[in-house]
1. State, to one decimal in nm², a quarter of the convex hull surface area for the C-alpha atoms of region 277-331, i.e. the direction-averaged projected area.
2. With the Cα gyration tensor of region 131-225 giving a ≥ b ≥ c as the square roots of its eigenvalues, does the rule (a/c under 1.5 for rounded; else a/b larger than b/c for prolate; else oblate) give rounded, prolate or oblate?
3. For a quick check: sort 160, 54 by the number of other beta carbons within 10 angstrom, fewest at the front.
4. What whole-number volume per residue, in cubic angstrom, does the convex hull of the C-alpha atoms of region 79-206 give?
5. Which order do 429, 135 fall in if you start with the one that has the fewest other Cβ atoms within 10 Å?
6. How do 399, 407, 204 rank when sorted from fewest to most other Cβ atoms within 10 Å of their own Cβ?
7. Could you state the number of Å between the C-alpha centres of region 221-242 and region 365-398?
8. Counting DSSP beta bridges with both partners in region 229-340, what percentage is antiparallel, nearest 5?
């Protein structure tokens, strides 16, 4: 048995929940009066409505002296019918709020007056998709006077194409519109061009061409700043570079490039000018991991040497160019001496100076700082060179003297002291690059 819904309600504004109004094609058309009986169109079709969204169609009934005589029989969710007073007239409000993506059809009876025959009305609506989008966009730090670009994603889950208009305000910009096919998505670029230091906020407004859709806003944030470049060392000197017949590898020195400003730092280039008796192909510089350094961060700069002829001094003048507005050029002076030095073979003895025993593991214990000395013995009749001496990781260990390379005298020894400031682990490596000789290493542990 169908329930009886009598539409006779006088609602105040506060009793009506916020809704998306979707007018009918016959909205505002008075009902047809046949004698003393009101008649209305036999079909109310909502078309496609996003799941969870409320859509309405309205029909003006004109003047109705007694709204209590109007009734609907058989109305069930997701449909609803109300009678609302509009001045001296009455408006029927048909509502559809789909809960899933499928076609909904209900047949209900409308009684337009006392003693009137029921009129059969069909309510029809299709639950459909909606659209999804990036809920917020943060550019993060941006260098002043530079244009930064980020992407937002808009997805149309409806089964029909949708055109979105978009707008924002300075210092942000976005294209004016994007059209999405049914069940498709697109990435839309958003740009920011900041001229002032500090945080700037804005809003991207999205509007679809689907009647009844609300508009949506995406908050946008960016922070303007100035990058500042700082180099750990601007004078690099290498006492001895072994002349390598075949450049399997290349000796290196590692510098630190830091951004001590509040805007992203872009390293644009290293311009190298060789000095007297030097060659441009004998040295190269590169930023590990790319040339963008975030505020407060740092990156390593590798200086690599490719010396393969002519013993004697070398020199290079290097200019590090960046977008630091206060110091766009940082000069770096590099000098080295090329010599005929044989690489240390892996047969060179590595031992602890306290026991003389071969060492591949150094274990230190509290109290800290705690130290141990390593001795390298060269049994050859010629001095030998380890091109690089360094700790593999960033740890609590340090080496003394803080050498980059180590020359071991002929039939002699060289020592390195390892100090631990606290518990940790690392590896100390003695490398010979440029040949197939390889390296020796010692595992370090502090308990």
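No lab work stands behind these numbers, since they all come straight from the coordinates. All values derive from a computational prediction rather than experimental measurement. With ideal geometry, Cβ positions are generated from the backbone for all residues, glycine too; neighbour counts draw on all protein chains shown.
1. That works out to 4.8 nm².
2. Note, shape of region 131-225 comes out prolate.
3. 160, 54
4. 160
5. 135, 429
6. Lowest to highest Cβ neighbour count: 399, 407, 204.
7. 27
8. Just about 85 percent of them are antiparallel.
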